[in-house]
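Derivation of every value follows stated rules applied to the coordinates shown; laboratory data play no part. Keep in mind that what you see is a predicted model, and the values were worked out from it rather than measured. For neighbour counting, all protein chains shown are included, and Cβ atoms are generated from backbone atoms with ideal geometry for every residue, glycine included.
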Amino acid sequence: MIRNAMLTVAFSACVLGAATLCAQEAEGEAKPLRFEAMVRVLNLEAQADATGATVPGAGLRVTLPNGKTVNAVSYKAYPYGSTFEATAGTQFRICFSPLTYAVVKGPAKFVPAAAEEWQKVQMKIDFGDVNTRVDDRALAGQFELVTPLGTFTDMNGMAKLHVGQDVALDKPLKGDDFSFRTLSGSAAFKGLHYTMNDMTQANAFSSIDAMGFSTSELTGRLGEVKMAIPSGNGAATDFSLTPGSQVKITRAKPQGSDNWVVSVLTLYANGEAKNYFCYVENRGEGYSTGELIDEILPAEEEGELAEGEEGSLEDDGSLGGEDFDASAYGDIPDELNDFGDGALL
């Protein structure tokens, strides 16, 4: 009996030890990434300044949190909260870690930000062409692209973003000022009065927004982008943004109110309407109306889908130098070096 008791104790200890190890491994798998304490500039070539002289970093200026503005230098790191401004044609890589970075082409303006001891980072983009690569191990919300039209979150893999300089300005609608495409991995987007969840490889859309956000016209470009569109009274309408299909949103704020009056029309690729509804935000029942128009088109007639804060600052405000190992950052994938015609689609 003693021998059996000893065997039982030994077996129990093994089971408990294995359970502890599994718990530790599970905990390790869920541990958030930790990005670098400062952002680093790489692959920046010398540009000509206003006088025509070749000056390192002339195409990229960095305004540090203390207000000082300097020419950027390759291999140098700059604190979060710095404002980066690139001239037309300037191209470089901004690194948050060896496996998380963006390849940027000017004209561009953005501000990197960090929180929770560099476990969460953002690029707050005013305008520019930004091709991103996010570590596949990134957890939901760890890396975000914040734009004038909304926030891309839950990102991993590779993606391309174009934000025009006229986005959301008080100007007439013109062209596709805003576009996004996933090359690999996934992403979600939270816009004004709509969300896009589970965007996967070869999903793409574009948007035209103007007149102080009073209008939005979203168009599907690649794949099937799943949308959820609020339709009043806390309800939401699902819509698949396939190539050529559109969502048109019109907004207005009545005098003396902070609540939007929202009108939404969804259209198939051939122009036939699917949904129409309008509502007033935060007013409850009696202030919303909606209509679901019958499924006009069989799925096969819609057309085939296309496949698919803060660092410390010393002296000039940058860190780097002889002990920096650039080889740890590897080569940029060809897809991220390709900016095409600027529309990224």
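Percent of alpha carbon pairs in region 29-149 separated by more than 24 Å? Please list the in-between numbers first.
Details: 1736 of 7260 pairs.
Summing the P(r) tail past 24 Å for region 29-149 gives 24 percent.
A cut-off of 5 Å between modelled amide H atoms, ignoring neighbours fewer than 5 places along the same chain, links GLY185 with MET158, GLN201.
With a simple spin-label model that places each label point 7 Å from the Cα along the Cα-to-Cβ direction, the separation between ASP334 and GLU117 comes to 4.2 nm.
In straight-distance terms, cross-link reach from LYS124 covers every one of the lysines whose alpha-carbon lies under 18 Å from its own, apart from those fewer than eight places away in the same chain; here that gives LYS105, LYS109, LYS160, LYS190. Here the Karplus relation 6.51 cos²θ - 1.76 cosθ + 1.60, evaluated at θ = phi - 60°, turns the backbone of region 225-241 into coupling constants of 8, 7, 10, 10, 10, x, 10, x, 6, x, 8, 9, 10, 8, 8, 9, 8 Hz, with x for every Gly and Pro. One Cα centroid belongs to region 84-119, the other to region 247-265; the line between them spans 34 Å.
For the peptides 80-86, 267-273, 252-258, the ranking by packing is 80-86, 267-273, 252-258, with the highest mean count of neighbouring Cβ atoms within 10 Å listed first. Couplings 3J(HN,Hα) for region 70-85, derived from phi with the Karplus relation 6.51 cos²θ - 1.76 cosθ + 1.60 (θ = phi - 60°), are 9, 6, 6, 10, 4, 6, 7, 10, 10, x, 4, x, 6, 9, 9, 10 Hz, where x marks Gly and Pro. Under 5 Å from the amide H of ALA58 lie the amide H atoms of GLN47, each residue being 5 or more positions distant or on a separate chain, with H modelled from the backbone and absent for Pro and chain starts. Taken along its principal axes, the alpha carbon cloud of region 90-196 reaches lengths of 41, 34, 26 Å, longest axis first. For the peptides 129-137, 37-45, the ranking by packing is 129-137, 37-45, with the highest mean count of neighbouring Cβ atoms within 10 Å listed first. Working note: Karplus 6.51/-1.76/1.60 with θ = phi - 60° gives region 87-99 the couplings 7, 4, x, 5, 10, 6, 10, 10, 10, 9, 6, x, 10 Hz, where Gly and Pro are set to x.
What does the extension gain come out to for ALA37 and THR195, with contour length at 0.36 nm per residue minus their alpha carbon separation?
Details: separation 158, 0.36 × 158 = 56.88 nm, distance 3.11 nm.
Extra length available between ALA37 and THR195 comes to 53.8 nm.
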